[in-house]
1. Considering only C-alpha atoms, what is the centroid distance from region A:1-41 to region A:90-146, in Å?
2. How many percent of Cα pairs in region B:114-387 exceed 24 Å?
3. Say the cut-off is 28 Å between C-alpha atoms; which of A:238/A:349; A:349/B:143; B:238/B:349 go over it?
4. What is the sum of charges, Lys and Arg at +1 and Asp and Glu at -1, for the other residues whose Cβ falls under 11 Å from the Cβ of residue A:109?
5. Quick one: order A:238, A:349 by neighbouring beta-carbon count within 10 Å, fewest to most.
6. Over every pair of different alpha-carbon atoms in region B:77-172, take the mean of 1/r and invert it; report that Kirkwood radius in Å.
7. Within 10 Å of each Cβ in B:160-167, how many Cβ atoms from other chains are there, averaged over the peptide?
8. Which far-off residues, 5 or more places away or on another chain, put their amide H under 5 Å from the one on residue A:285, with H placed in the peptide plane?
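Quick note: the coordinates plus some simple rules give every number you see, no bench work behind them. If you're wondering where the values come from, they're calculated on a predicted model, not measured in any experiment. Backbone-built Cβ (ideal geometry, glycine too); neighbour counts: all protein chains shown.
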Protein chains: 2
Amino acid sequence: MTWVPGATGGGYDLNHLPYGVVVGSDGQARCAVRIGDFAFDLGAAEAAGLILAGDSLRAPNLDAFLALGPAHWSAVRARLTELLGDPAHRAEVEPLLLPLATVANVLAWTVADYVDFYSSENHASNVGQIFRPGQAALLPNWKHLPIGYHGRAGTVVVSGTPVVRPSGQRAAGDFGPCRRLDIEAEVGFVVGVGSTLGEPVPWQRFADHVFGVVLVNDWSARDIQAWEYQPLGPFLGKSFATSVSAWITPLAAFGEQAWTAAPVQDPPVLPYLDDDRRALDLAITVEWNETTVASPPFRTMYWTPAQQLAHLTVNGANLRTGDLFASGTVSGPERDQVGSFLELTWGGKEPVLVKGEERAFLADGDTVVLRARVADIELGVVAGTVFPAQI
Amino acid sequence: MTWVPGATGGGYDLNHLPYGVVVGSDGQARCAVRIGDFAFDLGAAEAAGLILAGDSLRAPNLDAFLALGPAHWSAVRARLTELLGDPAHRAEVEPLLLPLATVANVLAWTVADYVDFYSSENHASNVGQIFRPGQAALLPNWKHLPIGYHGRAGTVVVSGTPVVRPSGQRAAGDFGPCRRLDIEAEVGFVVGVGSTLGEPVPWQRFADHVFGVVLVNDWSARDIQAWEYQPLGPFLGKSFATSVSAWITPLAAFGEQAWTAAPVQDPPVLPYLDDDRRALDLAITVEWNETTVASPPFRTMYWTPAQQLAHLTVNGANLRTGDLFASGTVSGPERDQVGSFLELTWGGKEPVLVKGEERAFLADGDTVVLRARVADIELGVVAGTVFPAQI
């Protein structure tokens, strides 16, 4: 129970405490946790001696705090619970609560490497049917390893950043603004503690390295992607913007009721991927111009984040503080559970009604908001509005 | 003409002056330029007031210097030419020359995003024939855009770093050490000045953003890559190590005689890719256990680095200080001009003799050294030795 006004019973109650970075009217970036509709200024709190985190929270981003590791994350979380839970601290803490309406969020950490997986069986199968009709929906490797690739870390942007429609090659000799601009609703995992080059990180070590969770919208230019992606994968069709939520929910915020069983895997996987099948039971919603068009269930993902971590490092690749790996588009078995408009409109052939207008892909001015909730934890939203192409 | 002993007439003469970071017996990392067989300690030089670069050279890496931009790069280069060229400066400079034998090189800058292209027509055509015999050697998109993808920035390592043989999935249910470990001889371009999200960088602006050139060995696990790469491209088959030379040759070091004409492109390219066809005439050599096995000519690349830069940003993706983009494997038309062992041994079917042993791919203990030279400029070498798999 928190003494912070208005916070009790919402998605940002005392058991949540997600981390972000806010900028106020003075233009200074400050580490913060969200409680209700306030950002608790952690930089000021550490400067005042209310919290001890090796001065990591006095930095303009969360990088140093992420690197501290689980023991420090726990200690700071316990202290925050005291400060925001015990009314005895109200007098010293309340002046450091910044109303969210008075601050802007910026990207909370420096993204080191960004890896995007492709771990929803329903999504991969839908895409296979749309692009390779009449053939096997899944490629032969799909059930043996979590397919993934590297994305562009430098174009990961915070929720709310305008998404400028990219231009590019849509076919041979055909250059212009993307005509099939799409979303991908995903869940991302932020690495705090790095690892050593040459040493794989087993799935059991997930919580020793991963700090927390963000929502991700991996904006996709389907026409550019379709023309460019053979044989080395997506490039410019994805690299113009990847939006992440402003607030990182620490793993520690998810109680037992947030977890459920992941799908059974058949055929059996190799030993390094043989995990405990725990799935985070996030219910995602996709809002297109304020119309909820889909509700992807994260529990249906075939490959778990723990398996993704193990796979990502099994060749000896090291982790670094700030690495982000995302789940891939989250799609459930039903048409209204898909995480992309490519699937929702079946390759654009079956438009949907959005506020009375028929839509297949994104129009300039459209806004997409992704939300996700499990138990009483509400992940930070990911919102983005499409701006017209510049060239 | 430099007064530095032994430097005149070698590949690291006064007209070269490549930048790196060295660590001496005190364990401190220092920015340096190479002249002959010495590293000139730029940190100490700036501290002593011999050079002015906004204290950027007193940092433990080149990041801040890279961000300064062309005017500052030129000014520092002019000053270095004075200091190392005019014997009047010998007394104050000579104490800051560290013999290379007394220092170790570390990675000279923080790699932001790493993009790997696929821009040699001979390489793409060879790979096509090896993997898709009987079909068109080039895919339909290849001559319309420089194919590229994002690699793992966090596993870019400096020349000399051991390359541990990766383990991974070689086929369904088949896990173990890579059996087809290969090299890719490439040329990399290091971005100094970033750009703005949403604003493409035209090819004409190449020298406003790119600071210099490194040699690259993009180590590749062909069996892992072959199993994983559909449909999103290479991932673990490439992400275990990418070696770069310790010394970055600034673009300013390449005189007119270093440039030649790039291949004529047919069909014509789109306007944003229609460049001036200038090619850096680097002659690369590939040494496998001290045997020169191939000599790839960089001038044969179909897509130039200026075109790669324009393509990379045409969708609005921004550049950041430290971005690295590499050419892709450099292969000329002849079998002894190829930049990978996959091509040299035609998919492993035609082994070569290396010191009397038949070899198709890399064995543990093998060392590969890449060199490149144009006119009297010798790029920093890229060397790596293969260590046994850990799992």
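1. Answer, in whole Å: 23.
2. Across region B:114-387, Cα pairs with separations above 24 Å total 46 percent.
3. Numbers: A:238/A:349 22 Å; A:349/B:143 30 Å; B:238/B:349 22 Å.
Pairs exceeding the cut-off: A:349/B:143.
4. Numbers: positive: none; negative: A:63, A:323.
Neighbourhood net charge equals -2.
5. A:349, A:238
6. Computed over Cα pairs of region B:77-172, the Kirkwood hydrodynamic radius comes out at 18.9 Å.
7. On the way: counts 0, 1, 2, 2, 5, 3, 6, 5.
So the per-residue partner count for this stretch is 3.
8. A:371, A:372
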